Structure formats: C-alpha cells, structure tokens
Amino acid sequence: MYFNKSAIHYNSKNNLNRIQFLICDETMLIGIIGKPSSGKSTFFKAATLAEAEIANYPFTTIKPNHAVGFVKVDCADKEFNVKCNPRFGYCLKGKRFVPVDLIDVAGLVPGAHKGHGMGLEFLNDLNQADALIHIVDISGSTNEKGEQVPAGSYNPANDIKFLEIELDMWYLGLIEKGWEPFARKAVQEKSELTKALSSHLTGLGVNEEMVKGLVKKLELPENLSEWNENILKKLAIELRKTTKPMLIACNKMDVPGAAENFARIEKEFPDRMLVACSSESELALREAAKHDLIDYIPGENDFKIKNGQLNETQKKALDFIKNNVLKKFGATGVQEIIDKSVFELLKHIAVFPVATNRLSDKDGRILPDCFLIPEKTTALDFAFKIHTDIGNNFIKAVDLKTKQVIGKEHSVKNRDVIEIVTSK
C-alpha cells in the first residue's frame, strides 16, 4: 500500500454492534489463490472481515482460511415499499448482501503441482471450489517467489501464466492417477466413452453432459487406446477452465505504476476476466464502517465520515483512498470481484422466495431469503432448492412483481420475487 497501512487503527475491545448472519448449507465456495505476498489474505479479510494473518513475507498463510463474503444485489423491498428482514446476510440502504463461502489457500509458487512449497497440499484445498479468484500483484512489487522487489520491476503477466500452468498440470496429475488400468478396463469392456470418462473424473466435479461437450469440442478419439499424453493435457486444460472458472483480481492498484501495468495486461490477456482492485483500501473502509466512523456501502464510490473521532493520520489515509482509489477507479474493486465471480463466472442469479403474497414467510418475516441459483432454473427446481417438501408439494408459483402465475417449467429471472403455492 502506498500509504501507511497501520494508519487506521481501532480498539478491538470497543463494544460495537456487528452484523450477524447465518450460512446456508448450500452456499457456493469461491477459492482465493495467487502467489505469496500478492495480497490474498488482505483481499480475503477485506471481503469477509475475518481474522486472517497478513504479512509481507511468503507463506504467511499455511492452512486455508474459511469465511463468509457477500454478493451484492439490489433488494426487492423498495419496489414493494416494505422493509426486509433477512435471515441470511444483511440489507444496507437497499442493497442486499447474500452470503457466499470463501476459502483463502496458501500462496502458490512455480512447481506447485510437483509439490514445491507444499503446492500439492494447497492445490488440493481448492478441489471443492466452484470458481477461483486469482490475486495478482499488478504493481509488480513482488517477484515469482513472493519476495519484495522495487515496484514495477517485475512483470505481473508472468504470474497469470505460471498459475494457469500450475492448475492445468495439477488437473493433468489428477486425470492420470489410475488412468492406465481405467483405460484398459474401459477398452476391454467396450464402455461408452462419456459414461466411462465421467465416472473416472467424478472427483473433478464433472458429469456426462459436460464430458460429452468436451469430447466433441476437442474432437477426442472414441477409443481410449488411442489417447496419449497430449490428449490428456488438452482435456486437463479444458476441464480446468470448465470446472474452475477464474477471475483475475489485479491488486495493489493504489501503487504508482500499477494503472499502467493494468492497461498493458488488459491488452495482453483480452480473453481473461480482469478487475482492478485495492484490497488494502477496501479493508480500511470496511474496518472504519464497522467501527461506526464512516458510512460506507461495499462496492460504492464514496463514503461519509460520521463524526470527529478520526485523528489526522486516519483522515489522511481516508483522503488517500478517496482521491487515489475511489475517484480514479470508481470503487476499490473488491465487491465487484465477488459479484462478477457469482453472476458472470458462475452465471447465477438472485431470486427472493416468499410463502405468502404479503411477501412474508410463515413466521411473518418480510423478504427473508435471497437465493443464488443457476440461470435458467425452473420454478419447480427453485421450489426443490428451497426445500424438498416444497418441491414435492408444488402446485404453482406466482411472480409477485407482475402478479402472473407461472408454471413449473418457467425459468425464474434475476431479482424475481416468487411465491410458491403448495398442497400442504
């Protein structure tokens, strides 16, 4: 960070209100990855306000950190002129924050897939992740090992390339494990390719439909005896892209020279999803808001100081953030990264289920839930997502914005408010 990162400090013993939330059992999991000292743990703490050890030396994080972050959605309460009562997450000035599970794994270094720097252990921590956020030090102030170097002296493009190679080789290793006996048996039994392959790759979160699409896209031979190392590598790369979609968070944008690096990286990697961010700025703003010193909604382009409790050092730090981050880039980028991971990478939508046309659940809470579900989810599938009994007893659904009855095969849309009518 260009300004003193200890400039904003608060007494943790203060008895201050904190947002309480619960985690849904089926919350998606997003992995935070990158080389050491790229700002992963700072990003993780900024997104979750969980206690994560942060330091400027490699391998500060050894065991993965788990915590809850939030995706931001325009709440439906204003459209109905009501005040919502969320069971999960929270609502702040018309912005609904819905929980998602984040995991921060230790930094990866070149050769991680071979076990360098405990790399295989760290990679395996990511196996259950639905999507990945790759934190890159866009300022070029840390080398490939995560060691501090003068800002701008290291090319951050190297980090994008090396990490993708490590993930691809990790996937290749998982595919090759037990491959020969599997392929031999499949050939002997004349097994149907997609069924056999999807069974072998179950641990990578694939299904038959996914495998069928990859076989067709890559024009893979139907006979497994014809497969070689190059074919397996092509499959590994496509599987990684399909099962672990990734966003690149270009961190430390507040450092001089970072903006120029970002512009160059955008041209070099036009097919990647890149978002500029300053995790340290977001962490400072969220800590200040938590301690009731400023009004700040994550992802917004401004904040308001609430009282005169800030000292001069803190005011200078906040002025730096306002002038060098928020005004320049429109936001710190942290919330945008979480939102894009859910809505663009994973292609989910947010839908509000209610039990009555008064927008309440059976206990009278108004708009109590907001579910993150895949695009094109039908009304019946949504009912089952809420509860098996609701799906089994489904009669119809009502779009409460339009007052229209929708059938079980109707696909719900982003920010729909859906009343589910059941036989019980």
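Any read-out appearing in this document is the output of simple, stated calculations on the displayed coordinates, not a laboratory observation. Keep in mind that what you see is a predicted model, and the values were worked out from it rather than measured. Neighbour counts run over all protein chains shown; Cβ positions are idealised from the backbone, glycine included.
Here the chain is assigned +1 on the Cβ of each Lys and Arg and -1 on the Cβ of each Asp and Glu. Its dipole about the Cα centre then comes out at about 980 debye.
Hull volume per residue, based on the alpha-carbon atoms of the range 241-284 and their convex hull, is 61 Å³. Hull volume per residue, based on the alpha-carbon atoms of the chain and their convex hull, is 162 Å³.
Taking only the alpha carbons of the range 170-242, we obtain Rg and Dmax values of 10.9, 31 Å in that order. Computed over the range 348-422, the alpha-carbon pair-distance distribution with 5 angstrom bins reads 3, 19, 31, 30, 15, 2, each value a whole percent. When each of the peptides 173-185, 89-101 is scored by the mean number of other C-beta atoms lying within 10 Å of its residues, the order from highest to lowest reads 89-101, 173-185.
A full extension of the chain between residue 193 and residue 392 corresponds to an added length of 68.2 nm, given 0.36 nm per residue minus the alpha carbon distance.
For the pair the range 136-198 / the range 345-424, the C-alpha centres are spaced 39 Å from each other.
Note on the chain: helix-only mean residue ellipticity at 222 nm, from DSSP H runs of 4+ residues weighted -39500 (n - 2.57) and normalised by residue number, equals -9500 deg cm²/dmol. With both labels modelled 7 Å from their Cα along Cα-to-Cβ, the residue 271 to residue 161 distance reads 1.6 nm. Each of 249, 237, 220 was scored by the projection of its Cα onto the charge dipole of the range 217-263, and the greatest displacement toward the positive side belongs to 249; charges sit on the C-beta of Lys, Arg, Asp and Glu.
Helices assigned as whole DSSP H runs in the chain whose Cα atoms extend at least 24 Å along their own long axis and whose mean Kyte-Doolittle hydropathy is -0.5 or higher are found at 157-176. Taken over the range 247-395, the percentage of Cα pairs per 10 Å bin, counting from 0 up to the bin with the maximum distance, is 10, 27, 24, 21, 14, 4, 0. Note on the chain: antiparallel DSSP beta bridges, both residues inside, total approximately 60 percent of the bridges counted.
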